[in-house]
Amino acid sequence: MAPSLDCDVSSLLCAEENESIYFDDDFVEEYQSTNVYDMGSDQNRNFKVEEGLKSGSVTLQSDECVDSMFAKECEHLPAHDYLQRLRNGDLDLKSRQEAVDWIGKAHEHFNFGPLCAYLSVNYLDRFLSAYKLPTGEEWMMQLLAVACLSLAAKMEETEVPLCINLQVGESKFLFEANPIQRMELLVLSTLKWRMQSISPFSFIDRFLTNTMGDHLASKLPIFRSTQLILSMINGIDLLEFRPSEIAAAAALSVAGENQTVDTEKALYRLDHRLGKERVAKCVELMKKSSS
């Protein structure tokens, strides 16, 4: 499902050398003077998990669906060197963190589902790995965050606020609808309209069943797994792993809370396509994060 926008698509397409006329000097000057309003310093924010999972956020998948998800999950990830570029300073880690923290605040405010939060950050990371934003224009990262949340909400939520109303809390900048919509279309174009991203939540029910078996007697393990994943997506550590690996690690971590489950044996009951060492590494990261 793509948003309907009243603007010229060609004006948003990237030109050669990854420079888009969307961000030419006139555009920057226009929005600095008219459409962007400085609201003061932003504060550090973290994701908080909903009181319960929304219906339909996590579903049991058929074998055919799982096969398809394994085959396609790498098509919806940032570029392979993205994490390294964040770590070595080639990309602005602080600005990325502030954008993701704002997404978390807005996600909590509107009580959007877990998948909406994940997709928002996924879109943002994929975009940043493929498109170079002009340096020194802090407001552009905030505009990108609003656009990514708006797109994710349109994909996953039944009730979606107007894009201008998504700008809640102490947002550092406020934007009118037109630049948000233009940025949405730039994101869509840059991501080649591949918005149905495979997420850890696509696998979690299957992996919990594999690891816990008869001990999976309630929705609590699903909630705990979701809570664990959401608590980490505002950092960058999970960018090292595929969605299936994150889901497997979350399932093992939650299974480990049940003393009747042997997690070492459970690891080998998971799908054969998973790299056991990589899953174990992700489990250790989750343990450190929750300690």
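The values are calculated or read from the model by the stated rules, or taken from the named source; none is laboratory data. None of these values were measured; they are calculated from a predicted model. Note that we place each Cβ from the backbone using ideal geometry, even for glycine, and neighbour counts take in every protein chain shown.
Annotations
Quick grid of which residues meet (1) at pLDDT 85 or above; (2) not small (Gly, Ala, Ser):
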| site | (1), (2) |
| --- | --- |
| 45 | no, yes |
| 57 | no, no |
| 78 | yes, yes |
| 90 | yes, yes |
| 93 | yes, yes |
| 107 | yes, yes |
| 123 | yes, yes |
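- Meets criteria (in contact with a Pro (Cβ under 7 Å, 6 or more places away or on another chain) and within 29 Å of residue 68 (Cβ to Cβ)) for residue 192: no
- Per-region count, the stretch 183-206, residues farther than 30 Å from residue 63 by Cβ, surrounded by 21 or more Cβ atoms within 10 Å (Cβ to Cβ) and not β-branched (Val, Ile, Thr): 5
- Subset tally (residues that are touching a Cys at 6+ places or on another chain (Cβ under 7 Å), of a type in the set (D, E, K, R) and assigned to a helix (DSSP H, G or I)) for the stretch 148-163: 1
- Just one residue in the set 174, 133, 166, 144 is out of contact with any His (no Cβ under 7 Å at 6 or more places or on another chain) and at pLDDT 95 or above; that residue is 144.
- For the stretch 84-107, residues that are in a loop (DSSP other than H, G, I, E, B) and either under 17 Å from the mean Cα position of the chain (by Cα) or under 21 Å from residue 118 (Cβ atoms) (or both) total 1.
- Scanning the stretch 132-171 for residues that are under 18 Å from residue 98 (Cα atoms), surrounded by fewer than 23 Cβ atoms within 10 Å (Cβ to Cβ) and hydroxyl-bearing (Ser, Thr, Tyr) yields a total of 2.
- Residue in the stretch 254-277 that is surrounded by 19 or more Cβ atoms within 10 Å (Cβ to Cβ) and modelled with pLDDT of 90 or more present: no
- Filtering the stretch 71-91 to residues that are crowded, with 18+ Cβ neighbours inside 10 Å and within 14 Å of residue 197 (Cα to Cα) leaves 73, 76, 77, 78.
- Test: residue in the stretch 111-118 that is under 17 Å from residue 189 (Cβ atoms) and part of a helix (DSSP H, G or I): no
- Subset tally (residues that are small (Gly, Ala, Ser), more than 15 Å from residue 75 (Cα to Cα) and part of a loop (DSSP other than H, G, I, E, B)) for the stretch 166-202: 2
- Among the criteria (1) crowded, with 21+ Cβ neighbours inside 10 Å; (2) out of contact with any Pro (no Cβ under 9 Å at 6 or more places or on another chain); (3) among the polar types (S, T, N, Q), the one residue 226 does not fulfil is (2).
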